[in-house]
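Comments concern the structure below.
The values are calculated or read from the model by the stated rules, or taken from the named source; none is laboratory data. Small disclaimer: the values here were computed from a predicted structure and weren't measured. Counting neighbours? That spans all protein chains shown, and the Cβs are built from the backbone with ideal geometry, glycine included. The protein model used for the area step is the full one, side chains on, heavy atoms only, and it has no ligands, DNA or RNA in it. Shrake-Rupley method; radii C 1.70, N 1.55, O 1.52, S 1.80 Å.
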Amino acid sequence: GETHILLLLNDILEKKKSEEEMRKMEEKYRLIAENSGDVIWLLEIETWKLVYVSPSIFQLRGFKPEEVLQKEVSLGMTRKSLIRLKKTMLGRIESFKNGKNEIYTDEIIQFHKNGSLLTVEVTLRFIKEEYTGKILILGVSRNITQRKKAEYDLAREKELLSITLGSIGDGVITPDVVGNV
């Protein structure tokens, strides 16, 4: 007939510290992702749909994140880029499943919301989601349209110069500033 009290005490101080550290880290990552000039994104490979995209998608392609989330990424690129990318992805996914974890860089042509075409450099790596086991692609996209145009213009100029020099009947000598040929 005695009354007993069972008292269980848990030290939650460590748990609180850990949660606070986690919150601070999450805040830092969010700050980086939301203020990067490049577009940071996560893609689910089973569905080829974006599960995360940073707000900088608006500067790159004119879309708000909610306009592209949960849509197939194939809708945002040219057919030629899609075919090339899907062909290389199969081997890369297989390599990842076999323990190889590499970083890949590709150039693709994407559509801007206004209909124009952009050359985009995509850097990506595969990751495995801990709690679901799903394979995702973590990527960063950067607009390189102007760089590609400059490279094209430079190559064209070089070719024109070569043609001009090749068609001149006279000899051409080019000295440097001190007179060396």
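General observations
- When PHE63 is tested against (1) loosely packed, with under 11 Cβ neighbours inside 10 Å; (2) in contact with a Lys or Arg (Cβ under 6 Å, 6 or more places away or on another chain), just one condition goes unmet, and that condition is (1).
- Residue within region 22-29 that is modelled with pLDDT of 90 or more and either touching a Cys at 6+ places or on another chain (Cβ under 9 Å) or under 22 Å from PHE126 (Cα atoms) (or both) present: no
- Residues that are within 28 Å of VAL68 (Cβ to Cβ), part of a helix (DSSP H, G or I) and either open to solvent by less than 60 Å² (accessible area, probe 1.4 Å) or of a type in the set (D, E, K, R) (or both), drawn from region 24-58: GLU26, GLU27, LYS28, ARG30, ALA33, GLU34, ILE57
- Those residues of region 66-83 which are open to solvent by less than 100 Å² (accessible area, probe 1.4 Å) and either touching a residue at least 60 places away in the same chain (Cβ under 8 Å) or within 16 Å of GLU107 (Cα to Cα) (or both), in sequence order: VAL73, SER74, GLY76, MET77, THR78, SER81, LEU82, ILE83
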